[in-house]
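Before any comments, here is the structure.
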Amino acid sequence: MHYRTRPLSHGQLGLWLHHQKRQTGSEYNLPVELRIKPPFDIAALRCALQSLIDRHEMLRTTFHQEGEHVVQRIHETGSLSFHLVQLPNADEAAFHQSIAAEARSPFDLEHGPVFRAHLFIRSATEEILLLNFHHIISDAYSIRTFLQEFGSLYQAFCGDTDMPAPTTAAPYEDFVAWQERLLAGNDGERMLAYWRGQFVDPEPDLDLPTDRSRGALATHTGAVVSLDVERSLVTRLEQLAHKEKVTLSTVLLAAYYVLLYRYGDQDDLTLYVPRLGRPAGNFSGTFGYFVTLGALRRDLSGNPVFLDHLQRVRQLMRCARSHEYFPLPLLLEKLKLPPAPYSNSLAQAVFNFTPEAVSSLGFTPSDVDLSGLPAQVRFCETDTWIDLDFRILARKESLRLDVVYKADLWDASTIERLAKHYHLLLEAIADKPARRIGDYSLLTPEEEHQLLHDFNETAAPFPSDICLHNMIEAQAAAWPDNIAVSCPSEALSYAELDQRANRLAHHLISKGVRLGDVVGVLVERSCDLIVGFLAVLKAGAVYLPLDPRLPPQRLLFILRDAGATALISKSELREQTFKDALSGRNIEGANRCAVVFLDKDRTEIALHEVTHPHCPAGSSDLAYVIYTSGSTGQPKGVMVEHRSACNMAEDLKRTYQLGAHSRVLQFASCGFDASLFDFMLAFSSGGQLCLAPPSASLPGAELVEFMRRERITAAGLTPTAWTSLPSTNLPDLTMIKSGGEPLPASLIERWGEKRRIFNSYGPTEATVYCIRTEVRADGRKPPIGRPASNTKAYILDRYGNPAPIGAIGELYIGGVGIARGYMNRDELTRQVFRANPFDAEPESKLYKTGDRARYRSDGTIEFVGRKDRQIKIRGMRVELAEIEQRLMEHEAVKTCCVTLIDGPEDNASLTAYVVRRPESLEDTDELQSFLRAALPGYMVPSQFLFLPQLPTNRSGKIDRRALPEPRRNASALKAATFPTGRLQTEVADIWKDVLKLDSVGVEDSFFDVGGHSLAVVQVQARIQDRLGIDCKILDLFEHPTIRTLAAHLAAIPAAPRPAQDLNKPIGLAASQNEPNQDRNAVAIIGMAGRFPGAENVDQFWTNLVDGIESITDLDEQTLREAGVDPDTFGKPNYVRREAVISGIDLFDAAFFGISPKEAAWMDPQQRILLETAYQALDHAGYGSRETARSESVFLPA
């Protein structure tokens, strides 16, 4: 044996585990380029490098898993890995590209080497020595030591100086032993208690906006943007540091916190800050991995003065310094944080300040003296382990800022802008350190002008002196014979629509309706709905749409709150809708309003003139009121004026450019302003509005068939609806509008072929929509667009400052489209409709949307999310507080909390967490029924979880992140909670042994039941030992439940077992040698099928058990009616039976990478085969995992 085995430090173990998950990555490579002026003496170079390997044992160390432990083997001798790379014909770009490729080349920690050298030679005057270390055996301070010793040794072997004496530093294994003693003692407990106290409440991830979303296919490719901070500014910052008795590093870190706080609109920030990590003693010359990362958490809420913030950062740094020796990987295990698939736990950004005395290594060449040898050194770019790393190198002449970032997430221009804004912030802090952190501007005057004015140049002509109905009347004059609106029962031309609306308007006026009166329209989706809408406007009144599907209590509240003076409806519909809600009263008495019945009063209405009534309304009068969900427990009415609606209609015409032959789908409920989008999209162009029938009120096959039959050319739906529609050929559909929810890029790819797709955004308070754009598939998150005509959009931080391009802020809307306010809610109106400080017009207002957004560099706006607890469910606006208020009114509810739970395939649902009053029962049905009586169905939670109390944070507020995650289909999972089958049972036994559990369920996540990174190693070793299966550590991260892991292991062939394993009683090692074992047996781990009368195997089995017949016998009469030739009946091989598989027309072509046209031509059997094959793989645990190897599905003939 030519090595000795030693344990790893906790830092090394963390790097080793990361390496197991990404063995092809280079994020922990430390490559250094070194140049000297004369050509290298290659013989002396080899000798110097070999001597360094002989002197420093970590350079000849490898890393291995031995059973349940990971160890380092320190070899007695180690050979230099040195390569001479001659590139005489390479141009400069190719030369440096070769160096960069080697810098990113991964290491093999088990077989070594963990240090290698390459000498790249392009000419006699251009040579670069690349020294590449793995971080597990080195850090920046160690490399500094290495370079100084290299200078001495190289000169000695060249014969220029004497040979330096060997180092007397302590070996690295002494540090490992010191660390274990520290952690086992009182100091270790004290340090752990401090760090745990910092993270009692789990802090949110860094909410820094990215140019691209995170994903499983991230490459971790690192890139660098550099910036110099001039000496004059550094001097001023040093003077500030001296005055405040802090270090320059503390000032720069405090500014970094402010930058991220302002960019991400986030109070609670955690940053990693490296420390040397070398304990006192003889470790200063030891080569090895010592550096530690402190997770420094800072709360910047309350807009503190920078000087106060600076002192708190100073205190944070002092505490971190006194607790720096507690290793971060061990802290992460102790905190038991859930694994973050695509980002680091705890922090996603680093601040690394390096004084020149510690290291002069940066990403630009730096002149150094290596023990008398003049040289230039620099770090090479590699992959990066962290999202954002601010590295500041303090030099005599300036500060050098190197921003290392993940190129998967950001464009270089974005990071350049971030670095410049950091520089601007440092200047502002040096000028006025006593300001509040929210008062510093991050913008140049040019940037501010661009955001406030250039991006808002939207002035466009529109009919500002007329009313909305006048625009429709103009279309009736231009296209009198064109069909204006159609429904299954009738169709009206523009002339007919205008005349019927005129008669109804005259009738309303005769009933006493006057200017500004609110008139409710309670009509199903039909031509009568459109007639009622137009008639109300023609009468000078205010249109109040009422969806008959809303609960009666809600409808009555809306009528009362709006002060409606009249109601348009039908007698039967009115009775069906309100039922017993009036309790013996009639609606006229209950609301003091006249009721016009379109059926009973038809004859009376028909007697009125068809001429236009005199309408006293002007452009500044109200056109409509629409009620939206309200946080106070009741809906609130948004009042919109005619000029706002006319501007919207004109922008529709200009943006979408539809013609008089367009056919527009009307799908949205009349209770939402999206219905007005449909109305005016058709009417502004003289096109036809096609009202979807009740059978097509949901996005499914019936709606698609309606769209095909009616030859719809333009349709506006929510992304949820577009996702739900079956993929099919709609040749006439040429324009698609998406709104109400974030638009996934996948929908553009699915629906965008030969179609124009528009994304739009707008709250009801901004007249249907206010931002829009045409989008195309480019792999990026689609923006919501640019401000519409005569609209201004401002993205402001919480202090009212314009947020820089790329930074997150709150979206404010101004311009013609802003609503008048909320009906009967003056205080709320004042809160959210404010004076526009950026407009000289005194009447100009801004609407505070509550939505978070950011500007992209091209001027388009990206929606980020909500600031408050308002959400969207399938495009419908919901205030969670309204649901909670209603739920609290139930006698059995003591307190509650409602959240939106994201589900697979964007299937989000509401979950209510309820604390019951004593003596009450856990009755979900009762609570759901109670809510349905007052709330729309989409606002009723689908799941109720009863808790003894709601979790709270340190401030006493409900800690929503600590709420237990509900189990979907919990009733179906209960039967399969415990392991079944041999492999699941054995894996469960291993989990219980390692984690010291009494029981474990097959759907429990390993990390949720106490698993951590070291336990992963133990489980992997025992699976290999007991089951004889070559399981990778990465497999355990990818398959964290017993069900998915067992399914994965079942597909891995067992490795041959050595003879000593024959006596093992557990697992495959014992069973492999049983004489009767069938080695050709096939384990069925997943199954799927489609059958007549059954959509899956389970339903088919149930049908068999219950004796349900799915094949129908057909008599001759039925066959004749179906068109079967009677001569066929007598043929002996003709079977008079029918079996139908449902849903053969429903096929998600885009999911399988098939165009809609190809899907239409495919045999239905082939489509079903593709679907069931995928379902079988998914059932087996392979449906969503990308794998390089092939998986097989058996298909019975």
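When 675, 620, 366 are ordered from fewest to most other Cβ atoms inside 10 Å of their Cβ, what list results?
Sorted ascending by nearby Cβ count, the order is 620, 366, 675.
Can you pull the one-decimal nm distance between simple spin-label points at residue 557 and residue 489, each 7 Å off the Cα toward Cβ?
3.1
Quick check: the angle from helix 412-431's long axis to the longest principal axis of the chain, C-alpha only, nearest 10 degrees?
80
Would you mind checking the tilt of helix 1097-1106 against the longest principal axis of the Cα atoms of the chain, expressed as 0 to 90 degrees and rounded to 10?
For 1097-1106 against the chain, the angle is about 60 degrees.
Please say if the stretch 206-441 is rounded, prolate or oblate, where rounded means a/c under 1.5 for a ≥ b ≥ c the square roots of the C-alpha gyration tensor eigenvalues, and otherwise the choice is prolate for a/b larger than b/c and oblate otherwise?
On the way: a/c = 1.19, a/b = 1.03, b/c = 1.15.
Judged from the Cα gyration tensor, the stretch 206-441 comes out rounded (a/c under 1.5).
Would you please give the FRET efficiency between residue 749 and residue 163, computed as 1/(1 + (r/R0)^6) with r the Cβ-Cβ distance and R0 = 51 Å, to the nearest 0.05?
0.15
Work out from phi, with θ = phi - 60° and the Karplus expression 6.51 cos²θ - 1.76 cosθ + 1.60, the ³J(HN,Hα) of each residue of the stretch 917-927, listed in order in whole Hz, and give x for Gly and Pro.
Working through the residues one at a time gives 6, x, 6, 8, 9, 7, 10, 5, 4, 5, 5 Hz.
Among the GluC sites (Glu not before Pro) within the stretch 168-206, which fall in a DSSP loop and have no more than 12 other Cβ atoms within 10 Å of their own Cβ?
none
Calculated FRET efficiency, residue 482 and residue 606, Cβ-Cβ r, R0 22 Å, to nearest 0.05? Don't skip to the end; give the middle numbers.
On the way: r = 23 Å, r/R0 = 1.06.
Given R0 = 22 Å and the Cβ-Cβ separation, E is 0.40.
Add -39500 (n - 2.57) for each DSSP H run of 4 or more in the chain, then divide by its residues: what number comes out at 222 nm, to the nearest 500 deg cm²/dmol?
That comes out to -10000 deg cm²/dmol.
Tally Lys and Arg at +1 and Asp and Glu at -1 over the other residues with C-beta under 10 Å from the C-beta of residue 437: what net charge comes out?
+1
Are there any GluC sites (Glu not before Pro) in the stretch 221-271 that are in a DSSP loop and have at most 14 other Cβ atoms within 10 Å? List them by number.
230
Which entries in 406/792; 420/845; 538/600; 37/420 show an alpha-carbon gap greater than 24 Å?
Check vs 24 Å cut-off fails for 406/792; 420/845; 37/420.
Taking R0 as 51 Å, what FRET efficiency do you get between residue 614 and residue 866 from their Cβ-Cβ distance, rounded to the nearest 0.05?
Values: r = 45 Å, r/R0 = 0.88.
Using R0 = 51 Å, I get an efficiency of 0.70.
Rounded to the nearest 10 degrees, what's the angle between the helix 642-656 long axis and the longest principal axis of the chain, both from Cα atoms, 0 to 90?
Compared with the principal axis, the helix lies near 60 degrees.
Mind giving me the nanometre distance, one decimal, between the label points for residue 454 and residue 90, set 7 Å out from Cα along Cα→Cβ?
4.0
Once you list every other residue whose beta carbon is under 9 Å from the beta carbon of residue 484, what net charge do they have if Lys and Arg are +1 and Asp and Glu are -1?
So the surrounding residues net to -2.
Which whole-Hz couplings ³J(HN,Hα) result when phi for each residue of the stretch 1108-1119 is put into the Karplus expression 6.51 cos²θ - 1.76 cosθ + 1.60, θ = phi - 60°, listed in order with x for Gly and Pro?
These are the phi-based 3J(HN,Hα) values: 7, 7, 10, 10, 9, 7, 10, 8, 5, 4, 5, 5 Hz.
Based on the alpha-carbon gyration tensor of the stretch 705-775 and its eigenvalue square roots a ≥ b ≥ c, which shape applies: rounded if a/c is under 1.5, prolate if not and a/b is larger than b/c, or oblate?
Taking the square roots of the gyration eigenvalues as a ≥ b ≥ c, the stretch 705-775 is prolate.
What's the extension gain from residue 660 to residue 441 if we count 0.36 nm per residue and subtract their Cα-Cα distance?
Taking 0.36 nm per residue and subtracting the Cα distance, the gain is 73.8 nm.
Full extension from residue 571 to residue 397: what is 0.36 nm times the residue separation minus their Cα-Cα distance, to one decimal in nm?
Extending this stretch completely gives an extra 54.0 nm.
Would you order 848, 396 from fewest to most other beta-carbon atoms within 10 Å of each residue's own beta-carbon?
In order of increasing Cβ crowding within 10 Å: 396, 848.
If you take every residue apart from residue 919 with its C-beta less than 15 Å away from the C-beta of residue 919, what net charge results, scoring Lys and Arg +1 and Asp and Glu -1?
-1
In terms of the Cα gyration tensor, with a ≥ b ≥ c the square roots of its eigenvalues, is the stretch 608-723 rounded because a/c is under 1.5, prolate because a/b exceeds b/c, or oblate?
It is oblate, given that a/c is not under 1.5 and a/b is not larger than b/c.
Under a point spin-label approximation (7 Å from Cα along Cα-to-Cβ), what is the residue 510-residue 915 distance to one decimal in nm?
6.1
The numbers here are math on the coordinates, done by the rules we state, and not lab data. These numbers come from a predicted model, not from an experiment. With ideal geometry, Cβ positions are generated from the backbone for all residues, glycine too; neighbour counts draw on all protein chains shown.
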